[in-house]
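First up is the structure itself, then whatever we jot down about it.
The values are calculated or read from the model by the stated rules, or taken from the named source; none is laboratory data. The shown structure was predicted, so the numbers you read here are calculated from the model rather than taken from an experiment. Positions of Cβ are backbone-derived with ideal geometry, glycine not excepted, and every protein chain shown enters the neighbour counts. What goes into the accessible areas is simple: the full protein's heavy atoms, side chains included, and nothing from ligands, DNA or RNA. Shrake-Rupley method; radii C 1.70, N 1.55, O 1.52, S 1.80 Å.
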Amino acid sequence: MMFTGAMGCIYLHLHQKKTEKLHAHPRSGAVRRRLGMLRRPVLVMSPIGIVTGMELTFAAMFAALLIWSLANYLRTSFGHLHMHKAGEKVWQAKFRSVSLRLGYIGNICWAFLFFPLTRGSSILPLVGLTSESSIKYHIWLGHLSMVLFAAHTIGFIIYWAITDQMIEIIEWSKTYVSNLAGMIASAIALVLWVTSSPRIRRKMFEVFFYSHHLYTLYILFYAIHVGVEYLSMIAPGIFLFLVDRHLRFLQSRQRARLLSARLLPSPTIELNFSKTPGLYHNPTSIVFLNVPSISKLQWHPFTVVSNCNMEQDKLSVAIKVQGCWSQKLHQQLSSSNLDRLEVSIEGPYGPSTPQFLRHEQLVLVSGGSGITPLISIIRELIYHSQQPNRLISPNLRATAAN
């Protein structure tokens, strides 16, 4: 996985240099338009969200993988059925086997669960994804794996009840499967699942955020329960996530240099930070901001409104004052010196290429603070329209409706 990530960094670096040529090449544009057909929404429904044709295709392939794996597991298991207790009936042994294999299938979901969380990894851009757009895959896999693990746990509880083996729940085996560790992991997973429901996540985000850090305990008891053999299946995703998390931690320890701040009407705050000219980011990229004087734990995402081609040494964000955190920031900027305000930045994260340049006409629709991604897109269009060998159509029109 590390080798794939390293090769991905090299590929993306070389691909970035050829981005403008690819957009200018008509044949490349035709191929991209054909691929763009698969990225059009084909399903819009709650709570799944917006699903494109390509996502639906891969979801069907993943479902086929799970069904095939379960069928293969059961065919092998039923062909060599093992009785775990004297006098055990065949249907009881098969019920136990089905419950066990549902856990195996949940393990496959967990093998992909951590990849969407690697914000700074090259794996996501390598397949044309961004960290914010792939979070929904983490949500889908999380719900699916929880359904499978819940069926696995409930199935074993029913099996132990009908075979008079309820004492097995508290068994902590050092040489075989530790059932108690599995029960503890299931209890922790239930807390994660309940607190990640849309109602709690939107209205009590801090409850969701802090409870989600129980994943460390979950992985610990999960590893004790399944052993090294099945832990190795999900280890690449966990390892990549831990490396990414460590690198983000190192970046977040540094303090960003705040050049200026403007208090705009509505009210809105514009923060301008100093950046190195070599730091490149595409439009619609986001950064996470932390102000230790307000909260050492809270990191809030904001869209970058500056353009790195037009403002090579500056990075700007616009913040709508509408919550407790932003209100405290507004008060500090109104009453204190900028030199005293310490701010940490993580990012930027965003698309590897400005995909919108391949279109001949853009219709930009936003509401309220949602105007900020549009600002970065409009600035990018202005920059390209001013170039001698401009790569966008001279007839390109962008209509912004607020």
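So, Tyr215, is that one in a helix (DSSP H, G or I) and within 16 Å of the chain's Cα centre (by Cα) or not? Yes. Across segment 244-273, the qualifying residues are those that are in contact with a strand residue (DSSP E or B) (Cβ under 6 Å, 6 or more places away or on another chain) and part of a helix (DSSP H, G or I), and the one among them that is farthest from Asp313 (Cα to Cα) is Arg248.
Contact map, segment 352-366: first residue at pLDDT 70 or above, second residue part of a loop (DSSP other than H, G, I, E, B) and β-branched (Val, Ile, Thr), Cβ cut-off under 6 Å, separation 6 or more or different chains; pairs are Leu357/Ile392. Mind checking whether some residue in segment 315-335 is open to solvent by 10 Å² or more (accessible area, probe 1.4 Å), farther than 28 Å from Ile378 by Cβ, out of contact with any Phe, Trp or Tyr (no Cβ under 9 Å at 6 or more places or on another chain) and in contact (Cβ under 8 Å) with a residue 60 or more places away in the chain? The answer is yes, given that some residue of segment 315-335 is open to solvent by 10 Å² or more (accessible area, probe 1.4 Å), farther than 28 Å from Ile378 by Cβ, out of contact with any Phe, Trp or Tyr (no Cβ under 9 Å at 6 or more places or on another chain) and in contact (Cβ under 8 Å) with a residue 60 or more places away in the chain. With respect to the conditions (1) open to solvent by 40 Å² or more (accessible area, probe 1.4 Å); (2) touching a residue at least 12 places away in the same chain (Cβ under 8 Å), Ala161 falls short on a single one, namely (2). Quick check: is even one residue across segment 79-91 open to solvent by less than 50 Å² (accessible area, probe 1.4 Å) and aliphatic (A, V, I, L, M)? No, because not a single residue in segment 79-91 is open to solvent by less than 50 Å² (accessible area, probe 1.4 Å) and aliphatic (A, V, I, L, M). The numbered conditions (1) in a helix (DSSP H, G or I); (2) under 26 Å from Pro351 (Cβ atoms) are all true for Leu279 except (1). Of the strands (runs of 3 or more DSSP E) lying entirely inside segment 289-370, those carrying at least 1 residues that are within 24 Å of the chain's Cα centre (by Cα) are 300-303, 314-320, 344-349. When you scan segment 206-217, do you find a residue that is touching a residue at least 60 places away in the same chain (Cβ under 8 Å) and either in contact with a His (Cβ under 6 Å, 6 or more places away or on another chain) or open to solvent by less than 50 Å² (accessible area, probe 1.4 Å) (or both), even just one? No: zero hits. For Asn309, state whether it is of a type outside the set (Lys, Arg) and at pLDDT below 85. Criteria met by Asn309. Among the residues of segment 36-67, just one is basic (Lys, Arg) and under 20 Å from the mean Cα position of the chain (by Cα), namely Arg39.
Looking at Ser173, Ser145 in this structure, which one is among the small types (Gly, Ala, Ser), open to solvent by less than 60 Å² (accessible area, probe 1.4 Å) and under 28 Å from Leu65 (Cα atoms)?
Ser145 is the lone residue from the list that is among the small types (Gly, Ala, Ser), open to solvent by less than 60 Å² (accessible area, probe 1.4 Å) and under 28 Å from Leu65 (Cα atoms).
Hey, does segment 183-198 have a residue that's over 17 Å from Asn107 (Cβ atoms) and outside any helix (DSSP H, G or I)? Taking every residue of segment 183-198 in turn, at least one turns out to be over 17 Å from Asn107 (Cβ atoms) and outside any helix (DSSP H, G or I).
Give the residue that is modelled with the lowest pLDDT, with candidates limited to residues of segment 250-271 that are open to solvent by 100 Å² or more (accessible area, probe 1.4 Å) and out of contact with any Asp or Glu (no Cβ under 7 Å at 6 or more places or on another chain). Restricting to residues being open to solvent by 100 Å² or more (accessible area, probe 1.4 Å) and out of contact with any Asp or Glu (no Cβ under 7 Å at 6 or more places or on another chain), the top hit is Pro265.
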